[in-house]
């Protein structure tokens with residue numbers, strides 16, 4: 001039996017919209033004028049992630065080509081990007097087509113600075129009471145990307161739909177050994193809107209998205225970050 005984890009109560013759709021021609025204020029106005037009556041919940045906060053992948057970037061390529069069965073594994077926390085990371089969460093995101101599910105596990109705190117290494121992270125994993133199947137997967141992975149963005153949260157009046165706006169997206173290179181985080185990329189002009197809802201609400205979701213002046217698109221911050229950093233390093 002799995003222990004110390006949370007799972008989404010239902011598989012859900014995550015519809016993404018990459019917006020570059022509207023400001024964040026204009027996007028918020030569009031969302032608040034939607035007939036679903038979205039209102040803001042929670043305070044805006046910074047979201048930070050360390051993505052893990054195989055040495056040959058299996059997850060990156062699976063997501064980049066749109067493979068039906070694909071996954072992302074990341075460590076997520078909120079607030080400051082560097083320093084002592086409190087309350088980090090290990091997440092396994094599993095997708096089949098457009099439908100996704102997620103397993104989340106609390107991790108021990110750790111220090112993220114220039115001395116960060118995967119050896120340190122492995123110690124965190126083994127001290128965090130993770131199930132054996134998770135440890136088995138983590139043993140063949142390594143850190144490949146660090147990213148950070150601002151997120152605002154909204155919910156429809158009927159509480160069936162959640163929506164987020166991500167802006168000020170930043171990417172930094174991260175490796176298994178000592179890091180300087182010297183290679184960075186700032187996606188200052190791109191904003192990502194994401195609509196999340198249970199599968200049975202798909203018909204109602206179309207009424208919401210039809211009112212958006214932006215189109216749904218394939219968008220992965222992990223794929224974007226790896227692609228942009230690889231181009232930067234190649235120059």
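A compact table of results
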| item | result |
| --- | --- |
| Residue list for the stretch 172-194, filter: modelled with pLDDT under 80, more than 14 Å from residue 23 (Cα to Cα) and either within 16 Å of the chain's Cα centre (by Cα) or outside any loop (DSSP other than H, G, I, E, B) (or both) | 184, 185, 186 |
| Close pairs (6 angstrom Cβ cut-off, 6 or more residues apart or separate chains): in a loop (DSSP other than H, G, I, E, B) in the stretch 54-80, exposed (fewer than 13 other Cβ atoms within 10 Å of the Cβ) anywhere | 68/97 |
| Those residues of the stretch 125-136 which are touching a strand residue (DSSP E or B) at 6+ places or on another chain (Cβ under 9 Å) and exposed (fewer than 14 other Cβ atoms within 10 Å of the Cβ), in sequence order | 129 |
| All positions within the stretch 126-171 that are under 30 Å from residue 229 (Cα atoms) and in a loop (DSSP other than H, G, I, E, B) | 139, 140, 141 |
| Boolean, residue 158 is within 22 Å of residue 96 (Cβ to Cβ) and exposed (fewer than 13 other Cβ atoms within 10 Å of the Cβ) | no |
| Subset of the stretch 92-110 (residues that are under 14 Å from residue 128 (Cβ atoms) and surrounded by fewer than 17 Cβ atoms within 10 Å (Cβ to Cβ)) | 104, 106, 108, 109 |
| Qualifying residue in the stretch 90-98 (condition: more than 16 Å from the chain's Cα centre (by Cα) and modelled with pLDDT of 95 or more) | no |
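The values are calculated or read from the model by the stated rules, or taken from the named source; none is laboratory data. This one's a predicted model, so the numbers in the text were calculated from it and none came from an experiment. Cβ atoms come from the backbone with ideal geometry, glycine included; neighbour counts cover every protein chain shown.
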